[in-house]
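Novice: Mind looking over this structure? Questions follow.
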Amino acid sequence: MGYHIDEASSAIPKKPKRNKYAFMCAILASMASILLGYDVGVMSGAAIFIKRDFGISYVQQEVMTGVINLYSLIGAAAAGRTSDWIGRRYTMVLAGIIFFLGAILMGFATNYAFLMFGRFIAGLGVGYALMISPVYTAEVSPASSRGFLTSFPEVFINFGLLLGYISNFAFAKLPLHLGWRFMLGIGVFPSVFLAVVVLMMPESPRWLVMQGQVGEAKKVLDKTSDSVEEAQQRLADIKEAAGIPITCTDDVVQVPKRSSHGKDVWKDLFLHPTPSVRHIIIAAVGLHFFQQASGVDSVVLYSPTIFEKAGIKSDREKLLATVAVGFTKTVFILVATFLLDRVGRRPLLLSSVAGKIISLLLLGMGLTIIQHHDHVRLTWAVGLCIATVLSDMAFFSIGMGPIAWVYSSEIFPLKLRAQGASIGVIVNRMTSGVVTMTFLSLSNAITIGGAFFLYAGIAAISWVFFYVVFPETQGRTLEDMEGLFGNLLWRFSKQRKIERNDVGNQVQLGTNGEV
């Protein structure tokens, strides 16, 4: 499993055209992420009307809003095992079915307890979708466009978020007891669509090999690779990782039991990890923790509250402003998809976090000034708050947002990938749940401006963490990822100097199937 470099050739190979089949598979798989985006977006506005309809307290409101992230932990934890058992594709179907049931229950909820049960069911579906979508996409993507394709789940999270915001705005004029029910209940449509379109997709070639279906895996790899040579190399690498002799040419083979269903995976991840796996776990957990601990979901879920604190009082104006938030996130995540395989993961991540730090500091300053001049409308401060909310969303979406899913879905070894990715989702949703379920209480305790100063401090710590710990993975095959890790102080290691010298060659090799 090495790099085959033709030293006699000095010509730089031409980058191949994007594989259309892999592109379509990535789009269909990433649609699962719409479920999370829609729920987050729609609840930001629906919560306003639910609070009035059911007469709940602000503590119940923040629990109702953020608890789905904790519920999704169960789905994410189960999805790793489920995807190894029934396959990546049918796990996505299951995610759509579960969310469908949750949306129905929420739409027909007659009281707060009933609504919370519906959110529990929907949370399970969200957890399944969040874990499996990036894993499947990474496993069907050729190395040359894996960053581009694996960022699609974040694209569809943002698309779902925008749909949720638009749904809020569209149904805001309905009677109080009907408006929020339509907002939540309409979530059945993306879940049904997901369950249907997923059946059009092939199964993950890596999962097929894990089941011994090498012939079927070869067919999928032939369609999703940039060249015949790359398909052959990808198959050889997957077979080696699964414990199948590379020389074996049978279409159906007996796979060692340990590789079939992830037996002993948790031991390999936590009890006896290699230095490389330990580094990978720290990188994945740290990335997902800091992505959420820096407060992005507080901005997304409570944007109407933030705009109200900034001086916007009309419900429709607040909801219209949140549509601008969703539109900004969607536009910049689309920009990020084209930069991930051109610029690389590290530069985008570091610049994204730096932009967030500045935006959060300015937002905290604007809200603090407005709070101390509540008897006077400071138009410039209101404009500053709106602008910095949008800039925070833009900087998040261009780097930190998509890279969390791209990076954690590509760095784990094959036999650890499903469960390893589920760990990232668990940390992501747990952190988001804590942040969103405490935002209103935190704002009351240290002021809303102080809350964003705190988020800015966490973002600054994350920048140092990413700078020191993260190697660049651009252009590497999934089977070669483990070799990049093993030294936590990557930035200062000899390995980093070697990586800097040869990464250009690896990117080029990754584009023409010679890796």
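Novice: Whole-Hz ³J(HN,Hα) for each residue in the stretch 122-129, computed from phi via Karplus 6.51 cos²θ - 1.76 cosθ + 1.60 with θ = phi - 60°, x for glycine and proline: what do you get?
Specialist: These are the phi-based 3J(HN,Hα) values: 4, x, 4, x, 4, x, 4, 5 Hz.
Novice: Continuing with this model, one more query. Past 19 Å, Cα to Cα: identify those pairs from K219/K239; K20/K239; K313/K356; K218/K267; K20/K329, in the order given.
Specialist: K20/K239; K313/K356; K218/K267; K20/K329
Novice: Rounded to the nearest whole Å², what accessible area per residue is found for the stretch 420-470 with the 1.4 Å probe?
Specialist: Value for the stretch 420-470: 32 Å² per residue.
Novice: Find the all-direction average of the projected area of the Cα convex hull for the chain, expressing the result in square nanometres with one decimal place.
Specialist: Answer in nm², one decimal: 23.2.
Novice: Hey, what's the stretch 19-253 come to in accessible area per residue, 1.4 Å probe, Å²?
Specialist: I get 34 Å² per residue for the stretch 19-253.
Novice: Could you give P(r) for the stretch 158-222, binned at 10 Å from zero, as whole percent values over all Cα-Cα pairs?
Specialist: For the stretch 158-222, the pair-distance distribution reads 19, 28, 20, 17, 13, 5.
Novice: Here's a follow-up. Average projected area of the Cα convex hull of the stretch 300-443, in nm²?
Specialist: Answer in nm², one decimal: 9.7.
Novice: First check a/c for the stretch 116-239, with a ≥ b ≥ c the square roots of the eigenvalues of its C-alpha gyration tensor; if it is under 1.5, answer rounded, and if not, answer prolate when a/b is larger than b/c or oblate otherwise.
Specialist: The shape class here is prolate.
Novice: Quick check: net charge around I306, other residues with Cβ under 11 Å of its Cβ, Lys/Arg +1 and Asp/Glu -1?
Specialist: Residues close to I306 contribute a combined charge of 0.
Novice: If you don't mind, there's one more thing I want to ask. Along the charge dipole of the chain, Cβ charges K/R +1 and D/E -1, which of L350, T447, I246 sits furthest on the positive end?
Specialist: Sorting the options by dipole projection puts first T447.
Novice: Another question, then. Grab the DSSP H runs of the chain that are 4 residues or longer, score each as -39,500 (n - 2.57), total them, divide by all residues and round the 222 nm result to the nearest 500 deg cm²/dmol.
Specialist: Only helices count here, giving -24500 deg cm²/dmol.
Novice: Size of the stretch 10-106 along its principal axes in angstrom, Cα-based, largest extent first?
Specialist: That works out to 70, 32, 23 Å along the principal axes.
Novice: If packing is taken as the average count of other Cβ atoms within 10 Å, what order do 350-361, 170-181 fall into, highest mean first?
Specialist: With the highest mean Cβ count within 10 Å placed first, the list reads 350-361, 170-181.
Novice: Show me, for the stretch 230-242, the HN-Hα J-couplings you get by feeding each phi into the Karplus relation (A = 6.51, B = -1.76, C = 1.60, θ = phi - 60°), rounded to Hz, glycine and proline as x.
Specialist: 5, 4, 5, 5, 4, 5, 4, 5, 5, 4, 5, 5, 8
Novice: HN-Hα J couplings of the stretch 85-92 from phi, Karplus 6.51/-1.76/1.60, θ = phi - 60°, integer Hz, Gly and Pro as x?
Specialist: Once θ is set to phi - 60°, the couplings for the stretch 85-92 become 8, 9, x, 5, 5, 6, 5, 5 Hz.
Novice: On the protein heavy atoms, probe 1.4 angstrom, tell me the percent of accessible surface of the stretch 129-248 carried by carbon and sulfur.
Specialist: C and S atoms contribute 70 percent here.
Novice: Oh, and also: List the equivalent ellipsoid semi-axes of the stretch 19-253 in whole Å, largest first, each obtained as the square root of 5λ for an eigenvalue λ of the Cα gyration tensor.
Specialist: On the way: eigenvalues 320, 53, 30 Å².
Taking √(5λ) for each Cα gyration eigenvalue gives 40, 16, 12 Å.
Novice: A further question follows. Normalise the Cα radius of gyration of the stretch 264-504 by 2.2 N^0.38 Å (N = residues in it) and let me know the number.
Specialist: The value comes to 1.10.
Novice: I've got another one for you. Using the Cα atoms of the stretch 351-433, I'd like the radius of gyration and the largest Cα-Cα distance, Dmax, both in angstrom.
Specialist: 18.0, 61
The values are calculated or read from the model by the stated rules, or taken from the named source; none is laboratory data. Predicted model, so just to flag it, every value in this text is computed and none were measured. Note: ideal-geometry Cβ built from the backbone for every residue, glycine included; neighbour counts use all protein chains shown. For accessibility, only protein heavy atoms count, side chains too; no ligands or nucleic acids. Shrake-Rupley method; radii C 1.70, N 1.55, O 1.52, S 1.80 Å.
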